[in-house]
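Chemist: This is the structure I want to talk about, given as structure tokens.
Rule-based calculations on the coordinates, nothing more; no lab input. On a predicted model such as this, the values are computed, not experimentally measured, just so you know. All Cβ positions, glycine included, derive from the backbone under ideal geometry; neighbour counts span all protein chains shown.
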Amino acid sequence: MIKNRKGFTLIEIIIVVAVIITIISAIGYSTHKIIYEHKIKALKSNQELILNALDLYKQDNGHYPANKDEFNKMINNKHYCPVFPNNPFWNKNKPEDGWYYDPDTLTVVPVSPSSDEGV
């Protein structure tokens with residue numbers, strides 16, 4: 001004789017919860033991956049903006065910025081950088097601190113949060 005069941009068994013509930021957790025995990029991973037790829041594109045674009053600003057700075061002044069102070073003034077000058085070229089992985093409040101500029105090699109690399117030098 002079969003009883004009338006009015007609820008779900010523990011096994012059914014565990015299976016449903018496991019399926020829901022799997023779906024949420026997949027969505028979370030995909031979202032994280034998309035955001036990371038977007039930040040990489042923004043980082044490369046902003047680095048290109050800085051390199052273009054360096055060329056414009058040299059045209060106007062006859063030399064590249066000689067030190068970090070001149071570099072920071074260049075980044076904050078709307079003539080050279082119409083938009084703040086922030087580092088999307090680090091320091092959105094002070095974009096000029098998100099980059100390491102080496103005047104000797106004319107390299108501009110993003111700063112890692114764990115160090116003062118580029119990554």
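Chemist: Say the dipole of region 31-110 comes from +1 at the beta carbon of Lys and Arg and -1 at that of Asp and Glu; which of Val83, Tyr36, Val109 then lies farthest toward its positive end?
Modeler: Of the candidates, Tyr36 comes out farthest on the positive side.
Chemist: Sticking with this structure for a sec: In debye, nearest 20, what is the charge dipole magnitude of region 31-110 about its Cα centre with +1 on Lys and Arg Cβ and -1 on Asp and Glu Cβ, if you could check? Provide the component values of the computation, followed by the final result.
Modeler: Values: 10 positive and 10 negative charges, 86 e Å.
Computed charge dipole of region 31-110: roughly 420 debye.
Chemist: Now a separate question. Taking the Cα atoms of region 1-49 alone, what are Rg (to one decimal) and Dmax (as a whole number) in Å?
Modeler: In order Rg, Dmax, the Cα atoms of region 1-49 give 22.0, 77 Å.
Chemist: Picking from Val17, Val108, Val83, which is most flexible by a Gaussian network model of the chain using Cα springs under 10 Å?
Modeler: Maximum fluctuation in the GNM of the chain, among the listed residues, is at Val17.
Chemist: Under the Karplus relation 6.51 cos²θ - 1.76 cosθ + 1.60, θ = phi - 60°, what is the ordered set of whole-Hz ³J(HN,Hα) values for region 56-70, x standing for Gly and Pro?
Modeler: Once rounded to whole Hz, the list reads 5, 4, 5, 4, 6, 10, x, 7, 7, x, 7, 8, 5, 5, 5.
Chemist: Ok, one more. Please order Tyr64, Tyr80 by the number of other Cβ within 10 Å, starting at the fewest. Please report the intermediate quantities before stating the final value.
Modeler: Details: Tyr64 15, Tyr80 19.
Fewest-to-most ranking of Tyr64, Tyr80: Tyr64, Tyr80.
Chemist: Provide, as a two-decimal number, the C-alpha radius of gyration of the chain over 2.2 N^0.38 Å, N being how many residues it has.
Modeler: For the chain, the normalised Cα radius of gyration comes out at 1.86.
Chemist: Turning to a different aspect of this structure: Top mean-square fluctuation among Pro88, Pro103, Pro65, Gaussian network model of the chain, C-alpha springs under 10 Å?
Modeler: Among Pro88, Pro103, Pro65, the largest GNM mean-square fluctuation belongs to Pro103.
Chemist: Take Ile15 and Tyr36, extend 7 Å from each Cα along the Cα→Cβ direction, and tell me the distance between the two endpoints in nm.
Modeler: In this crude label model, Ile15 to Tyr36 measures out at 3.4 nm.
Chemist: So for the chain, taking the charge dipole from beta-carbon charges (+1 Lys/Arg, -1 Asp/Glu), which of Asn61, Ala26, Tyr100 sits furthest toward the positive end?
Modeler: Ala26
Chemist: Which of Ile27, Ile50 has the fewest other C-beta atoms within 10 Å, and how do the rest follow up to the most?
Modeler: Ranking Ile27, Ile50 by Cβ neighbours within 10 Å, fewest first, gives Ile27, Ile50.
Chemist: So how strong a dipole does region 1-75 carry about its Cα centre when Lys and Arg Cβ are +1 and Asp and Glu Cβ are -1, to the nearest 20 debye? Could you put the intermediate results ahead of the total?
Modeler: Numbers: 10 positive and 7 negative charges, 143 e Å.
With Lys and Arg at +1 and Asp and Glu at -1, about 680 debye.
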